[in-house]
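Below: one structure, written as structure tokens.
The values are calculated or read from the model by the stated rules, or taken from the named source; none is laboratory data. Predicted model only: the values in this text are computed from it and were never measured. Don't worry about glycine lacking a Cβ; one is built from the backbone with ideal geometry, like all the others, and counts go over all protein chains shown.
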Amino acid sequence: MTVPLADVGFAEATWVLIVKSIVIFAVIFTIVPLLTLVERKLLGRFQARYGPNRVGPFGLLQPLADALKLISKEYYTPQNAVPVLWALGPMIVIFSAVAALAILPFGNVKDGVGFYGIDVSIGILYFFAFGSIAFYGLLIGGWASGSKYSFLGAMRSAAQLISYEVSMGLALLGVIMMAGTLSLTGVVEAQDEVWYVVPQIVGFVVFMVAGFAEANRTPFDLPEADAELVAGYQTEYGGMRYGTFALTEYLEMFLISGIAVTFFLGGWHGPGPGWLDPIWVLVKLLALVFFFMWIRATVPRLRYDQLMSLGWKVMLPLATLNVLVTAVLVTVL
Amino acid sequence: MEARANTENADWSAFPYLASADVISVQRGPEPGGPGGAYRAFGETLRGLKTTFARIVEGPVTIQYPEEKTPVYPRFRGRHKLHRFDDTGLEKCVGCSLCAAACPADCIRVVAAENDPADRKSAGERYAEVYEINLSRCIFCGYCEVACPFDAITMGHDYEMSDYNRSDLIFTKEMLLAEPIDKTPLRREGE
């Protein structure tokens, strides 16, 4: 059987892949809107208030109400916008985020079915490829809006991508060298004895900082800095197009937490029987998501030059040094 | 570094008025940047994380307004109340119009009438046939309460008086005499 995307470690029947993609899609798209509620609730608690608690019990129906509101809004296109590209922006963003979800491993192969979308041998490169495509969505959307705020936001997101994608890749390179594989399941299996957060603590810190930048979360939410740029690249968007951008932000956060869990926190490894594996991944992942929200409630946004100097003068040298030291140690030991 | 004034070694001859004992040298924090700066920034970030997490442990301080109400102090001046005698049930107001005279916002209207001995309304010779307070004008100063010789009008504790119509904000005597349905919670002593 020939399979696309190079040489795949473990091939499954087509119907299994279809069922898996539907299940992953359903589960993640239940979790992500809930994350928006959790974030608002948590931000409230961090500020000694309740957060949304009016729609349904404990405000649980708030995401549904938000979605209904956004969907029922008019699809408005500004006069200066380039309509086709304007509509394309959010599509690219959500497409790339959802596509990257496919490689998140939630468990090992059981009864001939892997607990992940696909196990491509290029593994993490797939994630980086789609992560970079997501920024095209922001850029196109921001530029096609025909508004100066959107344009500035798009420019900032481009600069941020260049500054942080490099250190993010280098941070993961250390783990890849230790594991000797690009495959995400392979990396998790290599963490059988010790999680890579211990030997690769520098890589973990650099990856998390770069992850904050990649997901446009505070303190690196400069592309949408609401105090200066109104809302950055999404200023002119409304309705579900805006909703798509908002959803993607949470999806991206979920994704980066998932990659961090896979590469540094041992993936599905944890005490208990084998069927607990997906639960372990989710628990670790949501702990990281909590950390993302905690940081948002605490740290103010960086200035633009601070963002750049942190990216180039601190993160990149740190990540490079980490890679060098790991390379030497891996060859010597 | 040039911008920072070193008050100890500075030459004060050009500024004799500044060289007095009143001048206090300002204690500044360390320069930002460098490894020390990174270390401090990290420590301060951890302190910030601790601060925000402590708010979760502490719990919300919000008062869920329509369900919960902020308790008011006993001296709080809310919506007016007219009173009756507890034993006889007669109105305390005798229609003297002193409250209307004292009112700086001119929002009280009193029309007095003679009491019918067979069907007494108030304890005095006369009673208030019409007693209206226009709450859209009232400034809740409490002068009416002070002016009243019989303690017939007092300021209550209710503060929920919004309405859709200005004319609905003119409270008549019956409305002012009636006990309010929703009691506003009172603050306890020392709260």
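Looking at A:ALA297, A:ALA319 in this structure, which one is in contact with a Ser or Thr (Cβ under 9 Å, 6 or more places away or on another chain) and within 14 Å of chain B (Cβ to nearest Cβ)?
When all the criteria are applied, what remains is A:ALA297.
State all residues of region B:13-62 that are surrounded by 10 or more Cβ atoms within 10 Å (Cβ to Cβ), assigned to a loop (DSSP other than H, G, I, E, B) and either within 7 Å of chain A (Cβ to nearest Cβ) or modelled with pLDDT of 80 or more (or both); if no residue qualifies, say none.
B:GLY59, B:PRO60, B:VAL61, B:THR62
If you go through region A:97-106 one residue at a time, do you hit one that is of a type outside the set (Ser, Thr, Tyr) and surrounded by fewer than 16 Cβ atoms within 10 Å (Cβ to Cβ)?
The answer is no; no qualifying residue exists.
For region A:97-118, what are the residues that are more than 18 Å from the chain's Cα centre (by Cα) and in a loop (DSSP other than H, G, I, E, B)?
If the condition is that a residue be more than 18 Å from the chain's Cα centre (by Cα) and in a loop (DSSP other than H, G, I, E, B), then A:ASP111, A:GLY112 are the ones that fit.
Within region A:257-294, can you find the residues that are exposed (fewer than 15 other Cβ atoms within 10 Å of the Cβ) and within 14 Å of chain B (Cβ to nearest Cβ)?
A:ALA287, A:PHE290
Would you check which residues across region A:141-177 are of a type in the set (A, V, I, L, M) and buried (at least 20 other Cβ atoms within 10 Å of the Cβ) and list them?
The answer is A:ALA144, A:LEU152, A:ALA154, A:LEU161, A:MET168, A:LEU170, A:ALA171, A:LEU172, A:VAL175, A:ILE176.
List the number of the failed condition for A:ILE94; all other conditions in (1) more than 14 Å from chain B (Cβ to nearest Cβ); (2) crowded, with 17+ Cβ neighbours inside 10 Å; (3) not in a helix (DSSP H, G or I) hold.
Only one criterion is unmet by A:ILE94, namely (3).
Out of the residues in region A:248-286 meeting the condition of being among the small types (Gly, Ala, Ser) and farther than 30 Å from A:TYR233 by Cα, tell me which one is modelled with the highest pLDDT.
A:GLY266
For every residue, the table says whether it meets (1) without any contact (Cβ under 8 Å) to a residue 12 or more places away in the chain; (2) part of a strand (DSSP E or B); (3) more than 20 Å from the chain's Cα centre (by Cα).
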residue: B:CYS99; (1), (2), (3): no, no, yes
residue: B:VAL130; (1), (2), (3): no, yes, yes
residue: B:GLU160; (1), (2), (3): no, no, no
residue: B:ASP168; (1), (2), (3): yes, no, yes
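Mind listing just one residue for me: the one in region A:51-76 that is assigned to a loop (DSSP other than H, G, I, E, B) and charged (D, E, K, R) and, of those, farthest from the other protein chains (Cβ to nearest Cβ)?
That would be A:GLU74.
Specify the residue that is surrounded by the most Cβ atoms within 10 Å (Cβ to Cβ); the eligible residues are those in region B:132-158 that are outside any loop (DSSP other than H, G, I, E, B) and of a type in the set (A, V, I, L, M).
The qualifying residue surrounded by the most Cβ atoms within 10 Å (Cβ to Cβ) is B:ILE133.
Taking the stated definitions as given, is B:GLU91 over 23 Å from B:ASP168 (Cα atoms) and charged (D, E, K, R)?
yes
Anything in region A:213-242 that is in a helix (DSSP H, G or I) and closer than 15 Å to A:GLY142 by Cα? List them, or say none.
Once the filter is applied, which keeps residues that are in a helix (DSSP H, G or I) and closer than 15 Å to A:GLY142 by Cα, region A:213-242 yields A:LEU222, A:PRO223, A:GLU224, A:GLY232, A:TYR233, A:GLN234, A:ARG241, A:TYR242.
Can you tell me which residues in region A:32-50 are touching a residue at least 12 places away in the same chain (Cβ under 8 Å) and within 7 Å of chain B (Cβ to nearest Cβ)?
Scanning region A:32-50 gives A:PHE46, A:GLN47.
Can you tell me how many residues in region B:118-151 are under 15 Å from B:THR172 (Cβ atoms) and of a type in the set (A, V, I, L, M)?
So the answer is 4.
If you take the residues in region B:63-75 that are surrounded by 10 or more Cβ atoms within 10 Å (Cβ to Cβ) and closer than 15 Å to A:ASN53 by Cα, which one is nearest to the other protein chains (Cβ to nearest Cβ)?
Restricting to residues being surrounded by 10 or more Cβ atoms within 10 Å (Cβ to Cβ) and closer than 15 Å to A:ASN53 by Cα, the top hit is B:GLN64.
Tell me yes or no: at least one residue of region A:77-88 is within 14 Å of another protein chain (Cβ to nearest Cβ) and in a helix (DSSP H, G or I).
Within region A:77-88, not a single residue is within 14 Å of another protein chain (Cβ to nearest Cβ) and in a helix (DSSP H, G or I).
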